[in-house]
Structure formats: C-alpha cells, structure tokens
C-alpha cells in the first residue's frame, strides 16, 4: 500500500517530531506539514522541517488527515485527555504519537477523544536522536528502524492500515504488540537502562575523581554512560509515566547486581564467573 | 627519545599482548618478538604477530631487553611473585605489564623480583580489543590511546624513561599516577561500570522478555550493555583483584541509583529531575 497525506500536523517539533516532518517531506508523503510547538516551531520552520506554524492545536488539526503527537509524553497525554474539540477532527484522519511509553497514552486517547478515538493508533519508533531540539532532526532517522505499534481496543482497521503504511513509507519495519507488553519490554531494554546510565554518570560526577575520570575514561565508560547525557527533564517524564514496569525492571536488575557485588565482596571467584557469564551469554547473543 | 629493542618477550599473546607484538613489529621497534602463552601462542605465531614461541618463561626472558606481561591479571601477579629466576633477567631490561589493575601488580613485582625489581614499571593502556584472543589484535590499538604508567617506589629512572619511550613510540600518550590512585579511578570509570553492564544484560537475559528484547532493543541498550559481552572469566579476575576500590565505586553508584529509584517510586518529579540532571551534567561535559 502506498500512501500520501494531504495536510499533516506535527505537534511538538523537537528532534523526533522534526524528523517525522523531514521524512514526510523528503519522501513526498505529504502535501503540507504544519507544526505546533510553543518552543521549537520557529526553529523547525527556519530549518525547513515544516511548511507553516499553527498557533494552536485547533488550527493544527483543522483539515489535517494525519496528526502526529511528538511532544514529551506528559504533554501528549494532556493533549489527548484534555483537548476539548477532538470532535472537529476529520473522521478519516489518522492520529498517532511517538511517545516512549504506551499504556497511559492509549488510555488517554480512549478517555479523551470521544467518537474519533477509533482513529487513534499509538506508535513508538525505536530511533533516538543524539541531541534534543529540531536541529537534531534527520529525514532518514526511521530508515531500517523498528516501530512498535499498539492499536487500542477501539482503533479501526483503516486507521491501523494507514498507520502501518505511514511508517513503512518512511523505511521502518512495523511490529504490533499491546501497550502493556510494550511498556514492560521497554522498561527493561530502555527506560531502566537509562536510569542506570544516569546513575553511573552522577556517581562519577559527584565523586572526588570526576576530573580525572573526564581525562582518562575509555570506550567502555563512553558507551555505558552515553544515554546518561540525555535530557533529564524528558526522561523524568518517561520514567514516571512507566513507573510500575520500570520499578519491576529495577528489581530484576538489582537481583543480578546484588549477586555480582556479593561475589566480589566474598572473593568468590566461581560465583562471580557464574553471575557475569549470564550477562555475557545474553549480550553476545545479540 | 627514539627507542629500539632487541629481543622482546610478550607473555600472554591474547588480544592485548598480540596488539603490543603487532605494534612493535609494524613500527620496527624490536629486532624480534617471542611469545609465551600456553593457549594462544600458536595462533599468534600463525597470525604473524610474533616471530617465535618460547616454551616457558625462562626461555622467553633469556636475553630479552623488554618483557611485557599481558596475561590475565592473576597470572601476571603469579609470574611476578612466584617466578624463581627473575635474577636471570638482563640488568638493563625493562619489564612492564598491561593489566587493568595496578596495586597488586606493583606489590607483586616489589615482593617477587628481588634485585631486578628496579627494572619494573607498571603500565595500563586504556585501549580494549572488542573480542578476546590473538585474532582480535590490532597493530594500531594504542595510537592516540592513553597509557597510565605507575612506577614503583623502586623503579629506576632509566626503566621509567624506556617505558615512556615504548608507549610513545606506539602512538600513545603517557600519564603517570600512583597505583593506588589508578585503582580507585579505574574502579569508577571501568571496573564497576563493567559489573553494571553485566548485570543489565543478565537481568534481561534471565527475564521472560529476553527474546523480545533481542528483537527490539535500540542503540541505547546496545551501548549501555556493550561491555557486558566481555569475557566473564577475565573480568572476574579484574573485579576481584581490585575488590576494595570496586566496592567503594559500587557504594557511590548505589547512592545515585537509590535516589533515582526512590524518586520514581515516590512519583516525585522534582527530585527525579534533580537526580538525573547530575548525571546529564557530568556526561555532557565529556
């Protein structure tokens, strides 16, 4: 299925929303792309990512046949829950999002969108920009990336097909799972590992050897802590929004970590090799 | 100071020892390089990393003017402490090592080498091969890398100069610090982060979502866990050898992690942003 949209509204034109806009334009998938973002819209327009700025959500979605929510997750949730005029949405339009968490997004769409909730299908592209802001946008960000799609109980088949076609047309491969499964999985493979990387960075930065560490760290620390340089504000929102699964992932991590630390403290080489080997085995299977 | 060695003995011809051998030969820094390694020597010879195989330590160091200990740290320590014939070492020879920990290596050299202990200077090149074994050796591994050098109280000036010239000639930049400072620093920036990466990998691999995680992990997890695929056996030795500083780094990490986890559990956004920001600030300063 090839797809082409008329007016597209991108709500939140930071690195990810800007990349959606850029990809749509680069591939000729939209007649026009308007952006709404109280902070980043002008920079996105200046960078040629969007064609026009919408001053508010009403103007953005008016006449749009694709609405992409790409603000921080708490903002996306607020828009889905609290916008009073979702009824004005074109009944054939598709609404999707790019948030890193899905259960609360889906719940907000079901609760807040009224009759047009059937046109909402949640999406999570597994592709991160290195930095924040529209300047970090890349038209090819989704090429070869996985996009997890979580239909709601009320998503209609046409909206699901259009959403699938949207991401496929941008070069991504689509996988479908429930929002609950998504959130458990991404707590393990993304959200909690981010918390760990922040903690590793903070512990070194707060310690007496912070300056030496900056001079002498190697590739191991560079990679292990890389996502610890992500925007704290954004990640606070994600971690809080996915609190339950993240705390479950934390508990599983602490079990493995406790075992390693105890073996070190006990000087128990066999136990330590066994505990480390579990990690080595999974990691080398990637 | 330019430098050229006659016979060089590389004890342990895995990825790191093999890279030392390859770098010496590629840059014409040695007349000959012999290797001793009960497991890897033949593969190192076949790969052209060394010129000959020495069946034992005695044959390896006989007539050598450079001896590089590149076995796992526990083996290097055993050789320094327990080899009964260090007195046969040429009195002008330099002995160094490439272990990731330094205090116990230095102590073993001082205790075990007798009169020739003045010819030992400890080294730690901050450069890791991606895989284990001589096949992962690279002649350019040390180009642009830092090498931490830890003279002992008894290292003589000539040995220090020759060791400095050795690493400089392979393209590395040398920094000098005490073995104790080195071990505290590398517990923070390398040893404990390895333990964390092993634990992250193990927790996911032991969980019910291990297969999904393998399909859908992104760049964040790939980087955060990369060193969790390191050889468990080798890293057990490093973590145990540097036990005290590693446990201290673990305690500092747990403070930062506890703060983040508590803020998530409490739903305290301000506290969470503050805790994550400490990590973001240090990491983005790199």
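Values computed for the structure shown
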quantity: Yes/no for residue A:203 being facing chain B (nearest Cβ under 7 Å), part of a helix (DSSP H, G or I) and either on the phi < 0 side of the Ramachandran plot or modelled with pLDDT of 95 or more (or both); calculated: yes
quantity: Residue list for segment B:88-109, restricted to those being within 27 Å of residue B:235 (Cβ to Cβ), in contact with a strand residue (DSSP E or B) (Cβ under 6 Å, 6 or more places away or on another chain) and outside any loop (DSSP other than H, G, I, E, B); calculated: B:95, B:96, B:97, B:105, B:106, B:109
quantity: Test result for residue A:228, within 7 Å of chain B (Cβ to nearest Cβ) and surrounded by fewer than 22 Cβ atoms within 10 Å (Cβ to Cβ); calculated: no
quantity: Residue match in segment B:48-68 (condition: touching a residue at least 40 places away in the same chain (Cβ under 8 Å) and within 15 Å of residue B:139 (Cα to Cα)); calculated: yes
quantity: Residue, farthest from residue A:145 (Cα to Cα), within segment B:206-223, restricted to residues that are in a loop (DSSP other than H, G, I, E, B) and within 7 Å of chain A (Cβ to nearest Cβ); calculated: B:207
quantity: Single condition residue B:257 does not satisfy, out of (1) part of a helix (DSSP H, G or I); (2) facing another protein chain (nearest Cβ under 7 Å); (3) farther than 16 Å from residue A:251 by Cα; calculated: (3)
quantity: Residue selected from segment B:169-186 under the condition without any contact (Cβ under 8 Å) to a residue 60 or more places away in the chain and assigned to a helix (DSSP H, G or I), by the criterion nearest to the other protein chains (Cβ to nearest Cβ); calculated: B:185
quantity: Residue match in segment B:272-283 (condition: under 22 Å from the mean Cα position of the chain (by Cα) and surrounded by 23 or more Cβ atoms within 10 Å (Cβ to Cβ)); calculated: no
quantity: Among residues of segment B:241-286, those that are in contact with a helix residue (DSSP H, G or I) (Cβ under 6 Å, 6 or more places away or on another chain) and touching a residue at least 24 places away in the same chain (Cβ under 8 Å), counted; calculated: 8
quantity: Hits in segment A:88-145 (condition: touching a residue at least 40 places away in the same chain (Cβ under 8 Å) and at positive phi); calculated: A:133
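The values are calculated or read from the model by the stated rules, or taken from the named source; none is laboratory data. Everything quoted here is computed from the prediction, not taken from an experiment. Methodologically, a virtual Cβ is constructed for each residue, glycine included, from the backbone with ideal geometry; neighbour enumeration extends over all protein chains shown.
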